[in-house]
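These notes concern the structure reproduced below.
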Amino acid sequence: MLAPGGGGHLSSAEVLFEVEHVTRRYRLPRTRLLGPRRELVAVDDVSFTLRRGETLGVVGESGSGKTTLMKMLLRLERPDAGRISYYGASLTREVQVIFQDPSSALDPRMRVADIILEPVRVMRLPGDRRQRVYELLDAVGLPPDSAHRYAHEFSGGQRQRIAIARALAPRPQMLIGDEPVSALDVSVRAQILNLLEDLRVGFDLTLVLVSHDLSVVRHMCDRVLVMSRGSVVEEGPTREIFSAPRHAYTRLLLDSIPTLKNRRAASA
């Protein structure tokens, strides 16, 4: 169940999302004509709260359920059981998403100014739209003349900056990043992560990073949810998770982070 919030035992001044025992199942096709229908449990009895101003990392391998959880937070999918409460005025406007691949997320037929203003027009938000474009281009580190160009004229990192500007256009309270740097060259990943951190502080944003890359989460996040096979196997402050992981799966993920020692061993 998806609920607008506004009640419960937690203060709406502290909590932005409250997720309570959420489960999402998918029915799989039959392998035999008269055989039983199987189910895939993508998210299994997940609970957590997200506080305003927090940066939360959701990590796990492919198939762990983290993307399905993100879709339910965005109301792109509905849980089969449990409850998600949003304590804000408008989830549609106040929660925006940054996708993994900016090339596929930006319309190649639209100029950058129109791409950035698309959510503003769709939501019919008031204000000086021309001025808003230039404010956002400046905020993401792009020159003013970018407004009149097309997305294909930019590098991958610059396209992700355009996508971030579009996400900021309706003045959200929260950004969800779905692997926001995994499609970028290694040389520009740190730039985009630093930009997101600057924007989080400057715009007073709540941030959720969905990632399989623990080094990104360690750099960015206050708190971590570790997911495996649809369940949260460990949750806590980032420093504690990385320094003293309790669950074997978390330790396995941490051991897989590339280090100089690991790279030397692999090349030997």
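Per-residue answers, yes or no, for (1) of a type in the set (S, T, N, Q); (2) over 16 Å from the mean Cα position of the chain (by Cα); (3) open to solvent by 70 Å² or more (accessible area, probe 1.4 Å):
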position	(1), (2), (3)
156	no, yes, no
171	no, yes, yes
183	no, no, no
198	no, yes, yes
201	no, yes, yes
245	no, yes, no
255	no, yes, yes
258	no, yes, yes
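Out of the residues in the stretch 63-77 meeting the condition of being open to solvent by less than 20 Å² (accessible area, probe 1.4 Å) and among the hydrophobic types (A, V, I, L, M, F, W, C), tell me which one is farthest from the chain's Cα centre (by Cα).
Once the filter is applied, the top-ranked residue is 72.
Here's a check for you: in the stretch 89-103, which residue that is of a type in the set (S, T, N, Q) and in contact with a strand residue (DSSP E or B) (Cβ under 8 Å, 6 or more places away or on another chain) is nearest to residue 189 (Cα to Cα)?
In this case the residue turns out to be 100.
Can you pull out the strands (runs of 3 or more DSSP E) entirely within the stretch 1-61 that have at least 1 residues that are among the small types (Gly, Ala, Ser) and modelled with pLDDT of 95 or more?
39-51, 55-59
Which pairs have Cβ atoms under 9 Å, sit 6 or more apart or on different chains, and link a residue in the stretch 162-188 that is over 20 Å from residue 107 (Cβ atoms) and acidic (Asp, Glu) to one that is in a strand (DSSP E or B) and open to solvent by less than 20 Å² (accessible area, probe 1.4 Å)?
That search, which allows pairs on different chains as well, returns 179/209; 179/210; 179/211.
Can you tell me which residue is modelled with the lowest pLDDT among those in the stretch 146-184 that are of a type in the set (S, T, N, Q) and touching a Ser or Thr at 6+ places or on another chain (Cβ under 9 Å)?
182
What are the residues in the stretch 200-244 that are outside any loop (DSSP other than H, G, I, E, B), of a type in the set (D, E, K, R) and in contact with a strand residue (DSSP E or B) (Cβ under 6 Å, 6 or more places away or on another chain), if any?
200, 223, 234, 235
Listed here are the residues, each with its yes/no results for (1) surrounded by 19 or more Cβ atoms within 10 Å (Cβ to Cβ); (2) within 22 Å of residue 218 (Cβ to Cβ); (3) not polar (S, T, N, Q).
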residue: 47; (1), (2), (3): no, no, no
residue: 60; (1), (2), (3): yes, yes, yes
residue: 79; (1), (2), (3): yes, no, yes
residue: 87; (1), (2), (3): yes, no, yes
residue: 120; (1), (2), (3): yes, no, yes
residue: 125; (1), (2), (3): no, no, yes
residue: 146; (1), (2), (3): yes, no, no
residue: 151; (1), (2), (3): yes, no, yes
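Count, please, the residues in the stretch 127-140 that happen to be surrounded by fewer than 19 Cβ atoms within 10 Å (Cβ to Cβ) and touching a helix residue (DSSP H, G or I) at 6+ places or on another chain (Cβ under 6 Å).
Count: 2.
Among the residues of the stretch 207-223, are any among the small types (Gly, Ala, Ser), open to solvent by less than 10 Å² (accessible area, probe 1.4 Å) and either without any contact (Cβ under 8 Å) to a residue 12 or more places away in the chain or closer than 30 Å to residue 108 by Cβ (or both)?
Yes, the stretch 207-223 has at least one match.
Under the condition of being of a type in the set (Val, Ile, Thr) and open to solvent by less than 60 Å² (accessible area, probe 1.4 Å), which residue from the stretch 89-118 is farthest from residue 145 (Cα to Cα)?
Here the residue is 95.
Could you tell me whether residue 133 is among the aliphatic types (A, V, I, L, M), within 25 Å of residue 60 (Cα to Cα) and modelled with pLDDT of 95 or more?
no
The values are calculated or read from the model by the stated rules, or taken from the named source; none is laboratory data. Here the structure is a predicted model, which is why all the values come from computation and not from measurement. Don't worry about glycine lacking a Cβ; one is built from the backbone with ideal geometry, like all the others, and counts go over all protein chains shown. Surface areas here come from the heavy atoms of the whole protein model, side chains and all, with no ligands, DNA or RNA. Shrake-Rupley method; radii C 1.70, N 1.55, O 1.52, S 1.80 Å.
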